[in-house]
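Please read the structure below before turning to the comments.
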Amino acid sequence: MKKLLLFVLFIPSLLCAQTAQKYLIDAVPIEDGKVVFTREIIVSSFSKDQVYDKILNWANTFFNGTTNRVAFSDKSSGEITALGDTILVFKHTALSLDKSQMSYRAKIKCEDEKCTITITGIRYEYNGSSDEIEKYTAEEWITDKYCLNKTKTKLYPVTGKFRTKTIDFVDDLALSASTSFQEPQPSVLETEAKAKPRNQI
């Protein structure tokens, strides 16, 4: 019984370690000196045009605003470019709100059975402990050089929170885009109506 209890208690620690590893070394990719996040969505049996139509419809909803908008779209090339603007919330209590505004550029390339989303040009505007707004680029703020300790095993508290929230946002954006290819599920009432015999009232 004691062995079983020890094993169960060990699982949360193991999961925390795996989660933390997600944000450590090489979690922020660099290409030609620039931070470039890339996420690929595989959609079997969808043609390039079908992928484009689905993603453009999603993008017009996701990037919906003045500073959050689709800036370019071309069906023949399967390319979409959007300008994004979001708020990263680090900590929210009844007495304080620690947050940063993040702007970025999303480039989407549609092909047969897949689309690739690339996030670049990430910039932050942060009003921390002072009244002055601090401005940073991803290259000078969330890369391994600025976020990891010497042994590459821990994140620095300040830059680390920007890094984790940015990675989470990129993953959430890709997950949101992937839902555009899912067929809507029937409601419980629709399912029951289809299952009910026609002569039953």
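The values are calculated or read from the model by the stated rules, or taken from the named source; none is laboratory data. None of these values were measured; they are calculated from a predicted model. As a convention, Cβ positions derive from the backbone with ideal geometry for all residues, glycine included, and neighbour counts pool all protein chains shown. For accessibility, only protein heavy atoms count, side chains too; no ligands or nucleic acids. Shrake-Rupley method; radii C 1.70, N 1.55, O 1.52, S 1.80 Å.
If the condition is being open to solvent by 60 Å² or more (accessible area, probe 1.4 Å) and of a type outside the set (A, V, I, L, M, F, W, C), then region 82-91 contributes only Lys91. Would you call Thr19 part of a loop (DSSP other than H, G, I, E, B) and at pLDDT below 95? So Thr19 does not fit the description; no. When residues in region 119-148 are screened for being among the polar types (S, T, N, Q) and modelled with pLDDT under 95, 3 of them pass. Scanning for something touching a Lys or Arg at 6+ places or on another chain (Cβ under 7 Å) and either over 30 Å from Asn57 (Cα atoms) or of a type in the set (A, V, I, L, M) (or both), does region 118-134 turn up at least one residue? No, the conditions are met nowhere in region 118-134.
In the condition set (1) among the hydroxyl-bearing types (Ser, Thr, Tyr); (2) more than 23 Å from the chain's Cα centre (by Cα); (3) closer than 28 Å to Ser45 by Cα; (4) modelled with pLDDT of 90 or more, Thr179 is compliant with all but (2).
Pick from region 161-178 the residues that are farther than 23 Å from Lys91 by Cβ and touching a residue at least 60 places away in the same chain (Cβ under 8 Å): which of them is surrounded by the most Cβ atoms within 10 Å (Cβ to Cβ)?
Ala177
In this structure, is Ser45 at pLDDT 90 or above and loosely packed, with under 14 Cβ neighbours inside 10 Å? In short, yes.
Within region 67-79, not a single residue is part of a helix (DSSP H, G or I) and of a type outside the set (S, T, N, Q). Would you check if there is a residue in region 153-160 being modelled with pLDDT of 95 or more, under 21 Å from the mean Cα position of the chain (by Cα) and open to solvent by less than 30 Å² (accessible area, probe 1.4 Å)? Yes; the residues of region 153-160 include at least one that is modelled with pLDDT of 95 or more, under 21 Å from the mean Cα position of the chain (by Cα) and open to solvent by less than 30 Å² (accessible area, probe 1.4 Å).
So that you can scan it fast, the table gives a plain yes or no per residue for (1) touching a residue at least 24 places away in the same chain (Cβ under 8 Å); (2) buried (at least 18 other Cβ atoms within 10 Å of the Cβ); (3) within 16 Å of the chain's Cα centre (by Cα):
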{"position": "Ile80", "(1), (2), (3)": "yes, yes, no"}
{"position": "Thr93", "(1), (2), (3)": "no, no, no"}
{"position": "Gln101", "(1), (2), (3)": "yes, no, yes"}
{"position": "Tyr104", "(1), (2), (3)": "no, yes, yes"}
{"position": "Ile108", "(1), (2), (3)": "yes, yes, yes"}
{"position": "Cys115", "(1), (2), (3)": "yes, yes, yes"}
{"position": "Tyr126", "(1), (2), (3)": "yes, yes, no"}
{"position": "Ala138", "(1), (2), (3)": "yes, yes, yes"}
{"position": "Trp141", "(1), (2), (3)": "no, yes, no"}
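Take Asp85 and decide whether it is in a loop (DSSP other than H, G, I, E, B) and of a type in the set (D, E, K, R). Criteria not met by Asp85. Looking at region 51-78, which of its residues are surrounded by 14 or more Cβ atoms within 10 Å (Cβ to Cβ), of a type outside the set (Ser, Thr, Tyr) and without any contact (Cβ under 8 Å) to a residue 40 or more places away in the chain? Those that are surrounded by 14 or more Cβ atoms within 10 Å (Cβ to Cβ), of a type outside the set (Ser, Thr, Tyr) and without any contact (Cβ under 8 Å) to a residue 40 or more places away in the chain: Asp53, Leu56, Asn60, Asn68, Arg69, Val70, Gly78.
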